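Below is one structure; the comments refer to it alone.
The values are calculated or read from the model by the stated rules, or taken from the named source; none is laboratory data. Note that the structure is predicted; figures quoted are calculated from it, not measured. Ideal geometry is used to build each Cβ from the backbone, glycine not excepted, and the neighbour counts take in all protein chains shown. The protein model used for the area step is the full one, side chains on, heavy atoms only, and it has no ligands, DNA or RNA in it. Shrake-Rupley method; radii C 1.70, N 1.55, O 1.52, S 1.80 Å.
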Amino acid sequence: PAIQNVKLSSRHQYLRSGTEVRITWTAFDNQSSISRSVLSLGTYQSGSNILQKTNVGDKREFVIPASLLTEKNSPLYATVMVFNQAQLSSVASSVNSLIVDDTPPQSGVVSLSKTRAVFALKWSGFRDAESGIGSYRWCLGSEAGLCDMWNWTDASTATVASAMPSRVLHGEIAFATVEATDGAGLTIQSFSEGLMVDETAPVTGTLWDGLADTDIDYQSDDQYVAASWTEFSDDETSIIRYEACLGTVAGRCDVE
């Protein structure tokens with residue numbers, strides 16, 4: 001007899017233990033009809049260490065008991081032996097294999113930044129040794145894991161994203177959540193640190209010419225020009241740096 005299209009049927013190549021898997025095949029004989037089929041399942045081609053040889057009669061389909069799919073991280077192959085009425089037989093193994101993966105991905109690192117109205121996300125470090133990372137999705141929220149500022153958005157396999165949410169107000173703290181899904185459909189989430197939304201400029205201090213505590217209008221030394229100021233402040237975020245320049249008009253930097 002002839003055997004064709006022996007397949008292990010599942011939505012994905014990688015699956016969780018306990019997932020229903022079907023073995024399907026086609027068989028025919030031009031001289032006599034098919035009398036029975038015998039199938040087995042193993043972690044190698046023609047193997048039977050998962051399911052011993054089982055007579056399934058004249059069926060062309062068999063559902064593997066979920067309790068048998070516990071061999072993790074090893075490929076599973078189906079083998080079918082078909083007999084005709086003359087008790088002649090042929091054997092074929094599945095053209096595909098399946099792998100049981102019960103471990104979620106390894107979490108990664110997520111960073112969140114903001115330039116004007118645009119939030120920028122980056123993430124890295126997500127890993128899955130068994131089935132790999134299949135896709136990512138992300139969102140923004142007022143708490144880690146919450147998506148009340150920007151709803152879940154698919155990112156495919158990209159590791160960067162950006163958004164311009166309209167529901168984020170001055171003074172709020174935003175968190176980015178990234179969810180990675182592996183080839184078996186298992187997920188893991190990682191979160192950024194909170195980012196304070198600051199849309200107001202710092203409050204200026206007092207600036208004066210010279211190094212003394214009072215402003216000067218003239219000096220005799222032509223080797224340097226000095227300036228002093230009191231500390232600037234910002235209620236939402238701290239002052240991270242100062243920049244200074246010298247000009248012939250207030251606000252102009254045409255000298256240095």
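Observations on the structure shown:
- Sequence of GLU179, GLU143 when ordered by accessible area, the most exposed leading, probe 1.4 angstrom: GLU143, GLU179
- Computed log10 I(q)/I(0) for the stretch 1-69 at 0.12, 0.18, 0.27 Å⁻¹: -0.34, -0.73, -1.39, from the Debye equation with unit scatterers placed on every C-alpha and solvent omitted.
- The tail of the calculated P(r) for the stretch 121-256, taken as Cα-Cα distances beyond 22 Å, holds 59 percent of the pairs.
- Placing a pseudo-label 7 Å from each Cα along the Cα-to-Cβ vector at ARG22 and LEU207 gives an inter-label distance of 7.6 nm.
- Descending principal axes extents, the stretch 24-132, alpha-carbon based, whole Å: 79, 27, 19
- DSSP beta bridge pairing in the stretch 1-156, given as percent antiparallel to the nearest 5: 95
- Computed over the chain, Cα set: Rg, Dmax in Å: 33.9, 118
- Rounded if a/c under 1.5, otherwise prolate or oblate - the stretch 133-186, Cα gyration tensor axes: prolate
- Accessible surface calculations at 1.4 Å, restricted to protein heavy atoms, place the stretch 78-204 at 50 Å² per residue.
- Annotation note: trypsin sites (Lys or Arg not before Pro) in the stretch 80-139 located in DSSP loop regions with a Cβ neighbour count of at most 13 within 10 Å are ARG116.
- Global form of the stretch 70-187, assessed from the alpha-carbon gyration tensor, a/c cut-off 1.5: prolate
- ALA227 paired with GLN52, simple spin-label distance in nm, labels 7 Å along Cα-to-beta-carbon: 9.0
- At an R0 of 51 angstrom, the distance between the Cβ atoms of ILE239 and SER67 translates into a FRET efficiency of 0.20.
- Accessible surface of the stretch 123-256 [probe 1.4 Å, protein heavy atoms]: carbon and sulfur percent: 50
- Nearby lysines by direct alpha-carbon distance to LYS122 (threshold 21 angstrom, same-chain neighbours under 8 apart not counted): LYS114
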